[in-house]
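The values are calculated or read from the model by the stated rules, or taken from the named source; none is laboratory data. This one's a predicted model, so the numbers in the text were calculated from it and none came from an experiment. Neighbour counts run over all protein chains shown; Cβ positions are idealised from the backbone, glycine included.
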Amino acid sequence: MSATSATRAEVCVVALAECFRGDGEILANPIGTIPMIAGRLARATFAPDLCVTDGEAALVDNDAAFVAPEDRVLEYWNPYRSMFDWVWSGRRHVVMGASQIDRYGNQNLAAIGDYRRPTVQLLGYRGAPGNTINDTTSYWVPRHSPRVFVEQVDTVTGVGWDRAAALGRAGRFVDVRRVVTDLAVLDFETPDKRMRLRSVHPGVTVDDVVAATGFELVVPDEVPTSRLPTEEELRLIREVIDPEGAREREVPTPA
Amino acid sequence: MTRTATDKLMTVDEVVARLRPGMTIAIGGWASRRKPMAIVRAIARSDLHDLTVVTHGGPDLGLLCAAGKVRKAVHAFASLDTIPLEPHFRAARQAGAIEDEPLDEGLVHLGLQAAAWRVPFLPTRVGLGSDLLRDNPRLTTFTSPVPDEDGEHELLVAMPAIRLDAAICHLNVADRRGNAMFLGPDLYWDDLMLQAAPTGCRFISAEKVVDTAELAGHGCLHQMRISRMMVDGVVHAPGGAHPTSCEPDYPRDEAAQRAYADAAASPEAWAAYRAEWVDVPEEEYQRKVREGR
């Protein structure tokens, strides 16, 4: 096994794990298959004090992402209502999906078209307004496309940097940190908080990402390649956290 | 003289008879988990109409939309868990058939808590900066009359009380007086919904109905979260959450849920589903589930 044999999904796992670096003792709440694996990888390596959920009503200490209920190492009973205690006190970093996202990280999970009579009803606002106004938020987009990365989202469910700035003090807890996709890692580390291309995954060009993005990205002169998993990280992903390979079904490696 | 406690045991039809058209009804459970489906099916069969449904939405909301019972949905989402989007709710929204009052999940919590505590609103920053303030005109902002930790008077959202006319929930085990326990991983918002609803219209169904002296033996003290002070009617409804999960009594019936979801494909598919699984007495529904399909 060598790091150069890493699959695209494994590069995504590491990129998402990196979102949690430096977070300390908070609830890492990555939603989705690859984000869930990533949260466990971060805790197993460089962020050992993170808390993670079993996806239902418990915080668990297992490194394995998908375990039978009787094999869970339980830390805390965490029913849905407890989630708001973490969210509203600023002790959570969520990774959400996005049906649409714009250059300032405004997210839409609710509906396509006019909200009052949508052409496509999606999930709804869910917890996005509360997550984003209170805590650090990152996004996971398993298919980077111009349909997701749009000039303007139809409904703002998750608050982006421009709207946070307009709120002034009331928006002080907004922290949209990263967007990880199957092609690249993006962030908002620009003077005006516009989305920036942070790195491209191995085998992906800057032009590929620009073509798959429906708005103008901030593209630095030099765009690095996303970090490859270390051999130890690959071992943890393949043998401990996700031995069944669920990650490869969410992001198949391009032929 | 021995005390004689009120016996609240009733049938699903007696519950439905206490409901009125136009009511605002909270439905317990979460997505496709521990939903009071026996009562929901009875509402779908009834002549009730123009209901406002407050829910962490699952097949409760979808079934009532498909049956034409819903005027307005008050919700943060609707999902069938293993089927991410609730297809019947989706169809109703895309057809413009229902009004929609969107909330964040946490705002549902605050709105129910405000109603239960009899205050007009509770303060929060949830909603600021999002389009909730555009899409839900009941949400307003105000400047805090009380300074924050830095002495600033910050902008906040007033989450109004979600005033209910009725609440329905499904629990694992209850007594005839309305004390009940959840035995699965999560109570969801069941207790708060029952506390937010007015006396006379708070109903639970349960997998088992036992004597009060036996109740505690079914779990532990911390699971005794539904008090008879919150409940006006108890329905004995084994399988009453089907096809949603009711852990640890039974998991979600994925095949039955798939059949329900597939019925959103066309009016004909819905009519066939309805004839087989909705327009039948609950006893017959449960017999068909037991005998398999």
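When B:ALA264, B:ALA259 are checked against the criterion of being surrounded by 15 or more Cβ atoms within 10 Å (Cβ to Cβ), of a type outside the set (S, T, N, Q), assigned by TED's automatic domain parsing to the domain that holds B:TRP30 and assigned to a loop (DSSP other than H, G, I, E, B), B:ALA264 stands alone in meeting it. For the stretch B:105-137, taking the residues that are assigned to a loop (DSSP other than H, G, I, E, B) and out of contact with any helix residue (DSSP H, G or I) (no Cβ under 9 Å at 6 or more places or on another chain), the one that is farthest from the other protein chains (Cβ to nearest Cβ) is identified as B:ARG118. Give the number of residues within the stretch B:86-99 that are within 8 Å of chain A (Cβ to nearest Cβ), surrounded by fewer than 23 Cβ atoms within 10 Å (Cβ to Cβ) and free of Cβ contacts under 8 Å to residues at least 60 places away in the same chain. The total comes to 2. Looking across the stretch B:59-85, the residues that are at the interface with chain A (Cβ under 9 Å from one of its Cβ atoms) and either within 18 Å of A:ARG117 (Cβ to Cβ) or surrounded by 24 or more Cβ atoms within 10 Å (Cβ to Cβ) (or both) come down to B:HIS75, B:ALA76, B:PHE77, B:ALA78, B:LEU85.
Residues that are surrounded by fewer than 18 Cβ atoms within 10 Å (Cβ to Cβ) and either among the aliphatic types (A, V, I, L, M) or closer than 27 Å to A:MET83 by Cβ (or both) do occur in the stretch B:277-290, at least one of them. Among the candidates A:LEU74, A:LEU59, the residue that is modelled with pLDDT of 95 or more, within 21 Å of the chain's Cα centre (by Cα) and surrounded by fewer than 20 Cβ atoms within 10 Å (Cβ to Cβ) is uniquely A:LEU59.
Here are the criteria: (1) in a helix (DSSP H, G or I); (2) without any contact (Cβ under 8 Å) to a residue 12 or more places away in the chain. Tell me which single one A:ARG247 does not satisfy. Single failed check for A:ARG247: (2).
All conditions but one from (1) at negative phi; (2) touching a Pro at 6+ places or on another chain (Cβ under 9 Å); (3) at pLDDT 95 or above apply to A:ASP102; the one that does not is (2).
Here B:PRO145 meets each of (1) within 14 Å of another protein chain (Cβ to nearest Cβ); (2) farther than 23 Å from B:THR11 by Cβ with one exception, condition (1). May I ask you to list pairs of residues, at least six apart or on different chains, whose Cβ atoms are under 9 Å apart, with the first in the stretch B:152-179 being within 11 Å of B:ALA206 (Cα to Cα) and the second being modelled with pLDDT under 95 and surrounded by fewer than 18 Cβ atoms within 10 Å (Cβ to Cβ)? Going by the 9 Å Cβ cut-off, the qualifying pairs are B:ARG176/B:ALA5; B:ARG176/B:THR6; B:GLY178/B:THR6. Taking A:GLY168, is it within 12 Å of chain B (Cβ to nearest Cβ) and either closer than 28 Å to B:THR82 by Cα or crowded, with 21+ Cβ neighbours inside 10 Å (or both)? No; evaluated as a whole, the condition is false for this residue.
The one condition from (1) buried (at least 24 other Cβ atoms within 10 Å of the Cβ); (2) hydrophobic (A, V, I, L, M, F, W, C); (3) at negative phi that B:ALA31 does not meet is (3). When A:VAL141, A:VAL95 are checked against the criterion of being within 29 Å of A:GLU239 (Cβ to Cβ), in contact (Cβ under 8 Å) with a residue 60 or more places away in the chain, among the aliphatic types (A, V, I, L, M) and away from chain B (no Cβ under 14 Å), A:VAL95 stands alone in meeting it. When the stretch A:99-112 is limited to residues that are at the interface with chain B (Cβ under 9 Å from one of its Cβ atoms) and in a loop (DSSP other than H, G, I, E, B), the one that is farthest from A:TRP140 (Cα to Cα) turns out to be A:ALA110. State whether the residues of the stretch B:145-164 include one that is surrounded by 24 or more Cβ atoms within 10 Å (Cβ to Cβ), in a strand (DSSP E or B) and either over 13 Å from the mean Cα position of the chain (by Cα) or at pLDDT 95 or above (or both). So far as the stretch B:145-164 goes, yes, one or more of its residues are surrounded by 24 or more Cβ atoms within 10 Å (Cβ to Cβ), in a strand (DSSP E or B) and either over 13 Å from the mean Cα position of the chain (by Cα) or at pLDDT 95 or above (or both).
Filtering the stretch A:77-87 to residues that are among the hydrophobic types (A, V, I, L, M, F, W, C) and either within 21 Å of the chain's Cα centre (by Cα) or assigned to a loop (DSSP other than H, G, I, E, B) (or both) leaves A:MET83, A:PHE84, A:TRP86, A:VAL87. Being at pLDDT 95 or above, outside any strand (DSSP E or B) and over 23 Å from B:GLU105 (Cβ atoms) holds for only one residue in B:ALA216, B:ALA206, and it is B:ALA216. In this entry, A:ALA28 passes the filter for residues that are in contact with a strand residue (DSSP E or B) (Cβ under 6 Å, 6 or more places away or on another chain), more than 22 Å from B:LEU80 (Cα to Cα) and surrounded by 24 or more Cβ atoms within 10 Å (Cβ to Cβ).
Looking at the stretch A:147-166, can you tell me whether even one residue there is farther than 16 Å from A:ASN106 by Cβ and at pLDDT 95 or above? Reasoning before the result, please.
Going residue by residue through the stretch A:147-166, those that are farther than 16 Å from A:ASN106 by Cβ are none.
Checked against the condition, which is being farther than 16 Å from A:ASN106 by Cβ and at pLDDT 95 or above, the stretch A:147-166 yields no hits at all.
Residues that are more than 7 Å from chain B (Cβ to nearest Cβ), surrounded by fewer than 24 Cβ atoms within 10 Å (Cβ to Cβ) and not β-branched (Val, Ile, Thr) within the stretch A:123-137 comprise just one, A:ASP135. Among residues of the stretch B:112-132 that are under 19 Å from A:TYR125 (Cβ atoms), those with a Cβ under 6 angstrom from a residue that is buried (at least 21 other Cβ atoms within 10 Å of the Cβ) and basic (Lys, Arg), sequence gap 6+ or separate chain, pair up as B:GLY129/A:ARG163.
Looking only at strands (runs of 3 or more DSSP E) that fall completely inside the stretch A:116-193, which ones have 3 or more residues that are of a type in the set (Asp, Glu)? Give the derivation first.
Details: elements: A:136-141, A:175-181, A:184-187.
Hits in the stretch A:116-193: none.
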